[in-house]
Amino acid sequence: MAPATTTALAHAVRLDHVDKTFGRSGDGRPVLEDISLTVAPGEFVCLLGASGCGKSTLLNLVAGLDRPTGGRIDVPGGRPALMFQEHALFPWLTAGRNIELALRLRGVPRPARRTEAERLLDLVRLGGSYGKRVHELSGGMRQRVALARALAQDSRLLLMDEPFAALDAITRDVLHHELTRIWRETELSVLFVTHNVREAVRLGGRVVLLSSRPGRVVREWTVDLPQPRRIEDAAVAELSVEITEELRGEIRRHGKP
Amino acid sequence: MASPDTARHPDLAGLEAGLDALDTVQVRRTPVRQVLLRKVLPPVTAVVLVLAVWKLLVVAGVTEDYKLPDPAAVWDSLRQLWLKGTLFDIIWTSVSRGLLGFAAALALGTPLGLLVARVPFVRAALGPVLSGLQSLPSVAWVPAAVIWLGITDAAMYAVILLGAVPSIANGLVSGIDQVPPLYLRAGRTLGATGARGARLVLLPAALPGYVAGLKQGWAFSWRSLMAAELIASSPDLGLGLGQYLENARTDSDMPGVLLGILLILFVGIAIDLAVFSPLERRVLRTRGLAA
Ligand SMILES: Nc1ncnc2c1ncn2[C@@H]1O[C@H](COP(=O)(O)OP(=O)(O)OP(=O)(O)O)[C@@H](O)[C@H]1O
Ligand SMILES: [Mg+2]
């Protein structure tokens, strides 16, 4: 996790004119069209868009789970880590073993895994939960274990697909705080998908708005507020209002014939 | 922690601890008394009731003695077997056949299930046949097995395999089919692909369905074996429970017949309770799928 590797790369991920159309199962209309987007090393970018606009599709493309129909995606740091909206932890393993599985697949030798897993659990403030089963953890704790497992991949790029959408406001607030702290400590690059405008402004250094059907980049904002922010900060609210207005306009456009 | 974060969020650490404490599920072991009361008492009551009704029917004289003997007569048959020292031999002959046959069915059914689940061509070719075979009573195979292999142990094993392999294979197939795609995608993003992905993600995720298949496979093995022993009974073969039952019938020994039925039932239940139910419970419980 040396900063040197961060600065050596020109970008964490770069999308050049990416298109995506689903064949057969889809209706033949493009889901994503001409998306160009660069995330700089150490940058925290929030991708904002209405439901169904193709945010998950975009992350799947970057994660390599699916191929673009056109354009190029360059992820110089190797396979990115991906955190899903559902925790996606394996229920047959304990919290600690879930993290160790990621370490094992990364090639960490067995003796080092246990200590590294416990370090990562400490990082998400779940020290002492190593032996807990997934079903014994609360929703917020599960997402934190999932974050620790994603961090265990030691990827330079972390993709997050609405990871906190199913949590209550207070838990989400706590996790925003943890994520910001970890992001600053590890100097990760984060591409964070959400449809919650305030969450995007609370977390991101940059907010990118996608349109729907087809998904295109409509506009982006640089958030020049110091971290850590709070979701109830006046400045966060002010920018959120502006972005929400734009998002509303985007959605209204679809209502017109 | 005097980082600027916590300085600006003095309440967050406490908030977090409070949330975790509120949300954590408490796992508690049930005390022995409760286990006795809830798990042991009901079946014991049921058995006692059946015996009482049986005894009542005998005392009331609803039918002739050779059709419905006294429970004591059945108990006496059991004592005779015990005193002759053959009781455990008879049980072991059948149980060892059953377990050996089941092990062979496991060794055949597992790779077969994997092939059917993962290779579309094999699935299209064999999938319907496998499901169909499950509803064919394996006793139907006995005549064929006897003609092919004679009245031998080999015929017994053939019938067990034909009964149990489809159950085990089908269990694995449905186990794999029911794996949530999310686990597979999560496995792929972690780098679990190919054979490693199958071993570390796919198979563990499919385990509940597989274990259910094993349980059913054992029931089928035992059933097929008893059918085979009953029909293809010969003095040349070791005396198993099925042959014991058939011999009792030819001797018109009704207490022996009832004892044979009860022993078959008892052994089937005992093995399920000793092996398969604990296995299934363990698999489900670690996943939070059972209390
Ligand atoms: N495998 C697929 N085959 C066909 N169409 C698909 C497939 N996956 C997604 N789509 C379509 O692509 C569009 C975008 O889906 P996607 O899941 O990326 O949206 P999203 O922005 O993540 O939405 P949400 O905010 O609800 O999660 C939808 O209209 C969906 O129907
Ligand atoms: Mg989505």
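Read-outs throughout are calculated quantities, based only on the coordinates presented, and are distinct from any laboratory measurement. Since this is a predicted model, take the numbers as computed values, not measurements. Note: ideal-geometry Cβ built from the backbone for every residue, glycine included; neighbour counts use all protein chains shown.
Shielding by partners for A:136-145, please: the mean number of other protein chain Cβ atoms within 10 Å of each residue's Cβ.
Values: counts 5, 5, 7, 2, 4, 5, 1, 0, 2, 0.
Mean shielding by partner chains, rounded to a whole number: 3.
Determine the distance separating the Cα centre of the range A:67-137 from the Cα centre of the range A:172-234; give it in Å without decimals.
Cα centroid of the range A:67-137 versus Cα centroid of the range A:172-234: 22 Å apart.
Can you sort A:195, A:177, A:254 by how many other beta carbons sit within 10 Å, fewest first?
Details: A:195 18, A:177 24, A:254 10.
Ranked by crowding around the Cβ, least crowded first: A:254, A:195, A:177.
Using +1 at the C-beta of Lys and Arg and -1 at the C-beta of Asp and Glu, which of B:150, B:75, B:110 has the Cα lying farthest in the positive direction of the dipole of the range B:69-286?
B:110
Excluding same-chain residues fewer than 8 positions from residue A:132, which aspartates and glutamates have a Cα within less than 20 Å of its Cα?
A:86, A:100, A:116, A:118, A:122, B:16, B:20, B:23
Rounded, prolate or oblate: which fits chain B when a ≥ b ≥ c are the square roots of the eigenvalues of the alpha-carbon gyration tensor, with rounded for a/c under 1.5 and prolate only if a/b beats b/c? List each step's numbers first, then the result.
Numbers: a/c = 3.51, a/b = 1.59, b/c = 2.21.
Oblate shape, in that a/c is at least 1.5 and b/c is the bigger or equal ratio.
Treating only the Cβ atoms of Lys and Arg (+1) and Asp and Glu (-1) as charged, compute the dipole magnitude of the protein assembly as shown about its Cα centre; round to the nearest 20 debye.
Details: 61 positive and 51 negative charges, 103 e Å.
In debye, rounded to 20, the protein assembly as shown gives about 500.
Suppose only helical runs count, i.e. DSSP H with n ≥ 4. What mean residue ellipticity at 222 nm does that imply for chain B under -39500 (n - 2.57) per run, divided by all residues and rounded to the nearest 500 deg cm²/dmol? Please list the in-between numbers first.
Numbers: 15 runs with 215 residues, N = 291.
Value at 222 nm, helices only, nearest 500: -24000 deg cm²/dmol.
Using +1 at the C-beta of Lys and Arg and -1 at the C-beta of Asp and Glu, which of A:182, A:60, A:134 has the Cα lying farthest in the positive direction of the dipole of chain A?
A:134
Could you size up the charge dipole of the range B:69-286 around its Cα centre, putting +1 on the beta carbon of Lys and Arg and -1 on that of Asp and Glu, and report it in debye to the nearest 20?
Dipole magnitude for the range B:69-286 comes out near 1380 debye.
Taking the Cα centre of chain A as origin and charging only Cβ (+1 Lys, Arg; -1 Asp, Glu), how large is the dipole, in debye to the nearest 20?
Values: 37 positive and 32 negative charges, 161 e Å.
For this selection, approximately 780 debye.
Determine, for A:207, B:47, B:173, the number of other Cβ atoms within 10 Å of each Cβ, and report the residues in order from fewest to most.
Values: A:207 23, B:47 9, B:173 26.
So the ranking, lowest neighbour count to highest, is B:47, A:207, B:173.
Give me the lysines in straight-line cross-link reach of residue B:84: C-alpha distance below 24 Å, same-chain residues under 8 apart excluded.
Cross-link targets: none qualify.
Would the range A:30-76 count as rounded, prolate or oblate if I go by the C-alpha gyration tensor, calling it rounded below 1.5 in a/c and otherwise prolate when a/b exceeds b/c, oblate otherwise?
Values: a/c = 1.72, a/b = 1.16, b/c = 1.49.
Verdict is oblate for the range A:30-76.
By how many degrees, 0 to 90 and rounded to 10, does the Cα axis of helix B:153-177 deviate from the longest principal axis of chain B?
20 degrees
What's the extension gain from residue A:22 to residue A:230 if we count 0.36 nm per residue and subtract their Cα-Cα distance?
On the way: separation 208, 0.36 × 208 = 74.88 nm, distance 3.90 nm.
Going from the current span to full extension adds 71.0 nm.
More than 41 Å apart: what percent of Cα pairs in the protein assembly as shown qualify? If you can, show how the numbers build up before the last one.
On the way: 65148 of 149878 pairs.
So the portion of pairs separated by more than 41 Å is 43 percent.
Relative to the longest principal axis of chain B, what angle (0 to 90°, nearest 10) does the C-alpha long axis of helix B:120-134 take?
It works out to around 40 degrees.
With a/c under 1.5 counting as rounded, go ahead and sort the range A:87-154 into rounded, prolate or oblate using the C-alpha gyration tensor (a ≥ b ≥ c being the square roots of the eigenvalues; past the cut-off, prolate if a/b is larger than b/c, else oblate). Present the calculation step by step, with values, prior to reporting the outcome.
Values: a/c = 1.66, a/b = 1.51, b/c = 1.10.
Cα axes put the range A:87-154 in the prolate bin.
With angles folded into 0 to 90 degrees, how steeply does helix B:41-60 sit against the dominant principal axis of chain B? Use alpha carbons for both and round to 10.
Orientation of helix B:41-60: about 20 degrees from the principal axis.
Along the charge dipole of chain A, pointing to its positive end and built from +1/-1 on Cβ of Lys, Arg, Asp and Glu, which listed residue (A:169, A:108, A:194) has its Cα farthest out?
Highest projection toward the positive end goes to A:108.
Roughly how far apart, in whole Å, are the Cα centres of the range B:106-138 and the range B:150-191?
8 Å
Taking Cα centroids, how far is the range A:11-59 from the range B:31-75 in Å?
Answer, in whole Å: 70.
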